[in-house]
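Note sheet for the following structure.
The values are calculated or read from the model by the stated rules, or taken from the named source; none is laboratory data. Note that the coordinates shown come from a computational prediction; the quantities given were computed from them, not determined experimentally. All Cβ positions, glycine included, derive from the backbone under ideal geometry; neighbour counts span all protein chains shown.
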There are 2 protein chains.
Amino acid sequence: MTRQLKAEIISVGTELLLGQISNTNAAWMSEKLADSGIPVYYHSVVGDNLARLTSVFTLAHSRSDIVFVTGGLGPTEDDLTREAFQNMTGLEIKEDQKTIKKMEEYFAKTNRLMTPNNRKQANVFTGSKVFQNSTGIAPGIVVEYDNTIYLFMPGVPREMKSLMREHMLPFLMNKFALSNVIFSKVLRFIGIGESQLEHELQDVISNQTNPTIAPLASDGEVALRISANAPVKEQASRLIDETEAKITARVGQYLYGYDSETIENKVFNLLKDNQLTIASAESLTGGAFASSIVDMEGSSAIFKGAAVVYQADAKTDVLHISEELIRQHGTVSNECAEAMARQVKVLYKSNIGISFTGVAGPGKHEDNDAGTVYISINDHLQRVHQYKMHFSGDRDIIRRRSVKKAFELLYYLLINLK
Amino acid sequence: MTRQLKAEIISVGTELLLGQISNTNAAWMSEKLADSGIPVYYHSVVGDNLARLTSVFTLAHSRSDIVFVTGGLGPTEDDLTREAFQNMTGLEIKEDQKTIKKMEEYFAKTNRLMTPNNRKQANVFTGSKVFQNSTGIAPGIVVEYDNTIYLFMPGVPREMKSLMREHMLPFLMNKFALSNVIFSKVLRFIGIGESQLEHELQDVISNQTNPTIAPLASDGEVALRISANAPVKEQASRLIDETEAKITARVGQYLYGYDSETIENKVFNLLKDNQLTIASAESLTGGAFASSIVDMEGSSAIFKGAAVVYQADAKTDVLHISEELIRQHGTVSNECAEAMARQVKVLYKSNIGISFTGVAGPGKHEDNDAGTVYISINDHLQRVHQYKMHFSGDRDIIRRRSVKKAFELLYYLLINLK
């Protein structure tokens, strides 16, 4: 059943086309629909224009079984969603009395005048189901026309979300007898690039039809989403497990987690499990590592603090890095990184010290190219781990990659303690 | 000329249809295009599927003069944007040698293996213009087919943005002889909420048709975009100036800048102009203030560093806050904030010290509610400025608002030096 359904989302509003807001509605709806086993094939955005709206409806009608429409249902002359749909279908429009009553009560209660244009929001199509909105006035409208189901909702995210949760999703689940099982799993990797990962898995990926395997890249990390199509959860899980085994046989050493896990959380939990605390000495990252740690709830259990020592004299004043060392090796060096990690550990009385020094750019520093980064870790057994990297990209990217790399290095260090 | 052009944006990627990410690319591009006088009529999102991609291209071809395409140009088998466009146009694909060379250099420099699938990113259409990407490998490709111009860019926001700014927009401005006049101006305010701003300006906003005034809200700040519609720049500027004067007569005291200016940059420049340096002592913000400063190029001129002292003992060990003070007043107090700002200034030898202490939540700390935040500034004349705030929202919002508030406080302090 699931396999045949095709859904799409139409978002109506000139403010979207002017870039005043992002289409977060479509993203939110798509995620909920994916979880419910309803595949979304298209998103469209169109302005408040009768001809263009009608053409978008006509196109959707030709290719989809379920069409979600948000926006353009308000009280103003600009709101033309109903009119465009009527253009295509010829369906009649009538006032929904329950909605009118709700509206009258609302205006009376808030001591505001109910202007005539407000009544427009109660207009629905003959034969439609009308769902009352628990967070606003405009109702949700569901109408079936020529074997396609149209679901209309206001564009205000809060109202759309409550209508989706309370009415639209339950209506669809019931109508299509869908069972709400999870058909996909995300495998998260670190320390391997997107293209290398795909190179290693090329044949697995291309020979795979069910489950499918899709790569998802983000800065300094890569993930694979395995999506299985099966009538029941057990069967989907089995298909996913089999595919996962094929993948980990090749690149399992880079796998660090699943679904919404992050490398930051993994490191956090490993520190906690091992009852270890950390402090950072940050030059080019300027506190970004510390800030990523403090982002997580309960970080006081594992995080002692950070010394952001952006300038050479701060390295000396705060971390007591000798001027002699800086003169001899420079601040962008293995030697400086090592001393920073050691000293921050002493200053903050932490079990582990980690340091960052390098060149964020633009331009060179002490004869080092932008993107040259040293990370040093002084661990709880006083062992020193030194790393030198070259990142490319702008200032912001180099700093973000450095922080991400630090979590990768800490992850491999901590996972091997057991 | 401008009036007849019709542009649309196609975003390719299954991750958009699964709701894993929002289509922020389309919003960003639309805003830039609106500023350039190129009207966008549609956004479409389609997955990595050859047949559906081809149908979306065919539709766009039938209705638009300029088609922007992002995503689906990467090295993997999933990336089918080129193939779909070739399906529709029959254009040949060839390897761009300049891109190949850049790629080889990149992989050599970063000591990574250039796997064969990477070469795919250098594939362009015969007759296309190829623009090199200053932030990544994948180039921008522009090709005209049957009187419609197609502009292809990678889906990674950073890469799309740099290609748009550096190549695509200038190319279009030139091709269509669009005059790069500013039809809009953004006024940036701090220290006033969105609803208060709108309340003060209600009649100005609603009586205004040309220019229009649209509020743009973001965390802890608010901005107004004034957009004028006029055939020549001078006329548009005059209309904008008149509206700006009406606005500043009411709320001018909150105005800090225009267009792409940020409060962070304003503070940075004020520090630089006054030859003052700053250091921060951060508890709940965990280095986020420092990180915002280091985000800006040339920050070493004004930034000495930061002591991230997340735990009470770090406050004592690193900043020598007396245990007695902490016992008497707690770490979430005016007294602790004041001592932190004073001590970090001494430790880092800066002209100004700023401190943050408070409760990011969830949950109380030392009997203070989540959202209670103290900021203290010890300025270059040893004056102490103390602030206590209550922010609502989650952990992340409270921390971001605290950092934003600090920039606001520094701004008002520094602007009054003159």
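Just one residue in the set B:120, B:102 is touching a helix residue (DSSP H, G or I) at 6+ places or on another chain (Cβ under 9 Å), under 14 Å from residue B:73 (Cα atoms) and within 14 Å of chain A (Cβ to nearest Cβ); that residue is B:120. Note on the stretch A:285-301: residues that are touching a helix residue (DSSP H, G or I) at 6+ places or on another chain (Cβ under 7 Å) and surrounded by fewer than 24 Cβ atoms within 10 Å (Cβ to Cβ) amount to 5.
Every test in (1) among the charged types (D, E, K, R); (2) within 10 Å of another protein chain (Cβ to nearest Cβ); (3) without any contact (Cβ under 8 Å) to a residue 12 or more places away in the chain is passed by residue A:234 save one, and that test is (2). Tell me, yes or no, whether the stretch A:83-90 has at least one residue that is surrounded by 19 or more Cβ atoms within 10 Å (Cβ to Cβ) and within 20 Å of residue A:171 (Cβ to Cβ). Scanning the stretch A:83-90 turns up at least one residue that is surrounded by 19 or more Cβ atoms within 10 Å (Cβ to Cβ) and within 20 Å of residue A:171 (Cβ to Cβ).
Selection of the stretch A:350-379 for residues being modelled with pLDDT of 95 or more and out of contact with any strand residue (DSSP E or B) (no Cβ under 6 Å at 6 or more places or on another chain) yields only A:351.
In the set (1) free of Cβ contacts under 8 Å to residues at least 24 places away in the same chain; (2) more than 14 Å from chain B (Cβ to nearest Cβ), residue A:407 fails one condition alone, (1). Any residue at all in the stretch B:302-323 that's within 25 Å of residue B:191 (Cβ to Cβ) and aliphatic (A, V, I, L, M)? Yes - at least one qualifying residue is present in the stretch B:302-323. The condition (being under 21 Å from residue B:23 (Cβ atoms) and touching a Lys or Arg at 6+ places or on another chain (Cβ under 9 Å)) is satisfied by just one residue among A:40, A:67, A:56, A:12: A:40. If you go through the stretch B:254-310 and pick out every residue that is in contact (Cβ under 8 Å) with a residue 60 or more places away in the chain, within 14 Å of chain A (Cβ to nearest Cβ) and at positive phi, you end up with 1.
Taking the numbered list (1) out of contact with any helix residue (DSSP H, G or I) (no Cβ under 9 Å at 6 or more places or on another chain); (2) over 26 Å from residue B:35 (Cα atoms) in turn, residue A:13 passes all entries but (2). Among the criteria (1) surrounded by fewer than 24 Cβ atoms within 10 Å (Cβ to Cβ); (2) more than 23 Å from residue A:296 (Cα to Cα), the one residue B:332 does not fulfil is (2).
Does any residue of the stretch B:316-335 turn out to be free of Cβ contacts under 8 Å to residues at least 12 places away in the same chain, in contact with a Leu (Cβ under 9 Å, 6 or more places away or on another chain) and more than 14 Å from chain A (Cβ to nearest Cβ)? Checking the stretch B:316-335: at least one residue is free of Cβ contacts under 8 Å to residues at least 12 places away in the same chain, in contact with a Leu (Cβ under 9 Å, 6 or more places away or on another chain) and more than 14 Å from chain A (Cβ to nearest Cβ).
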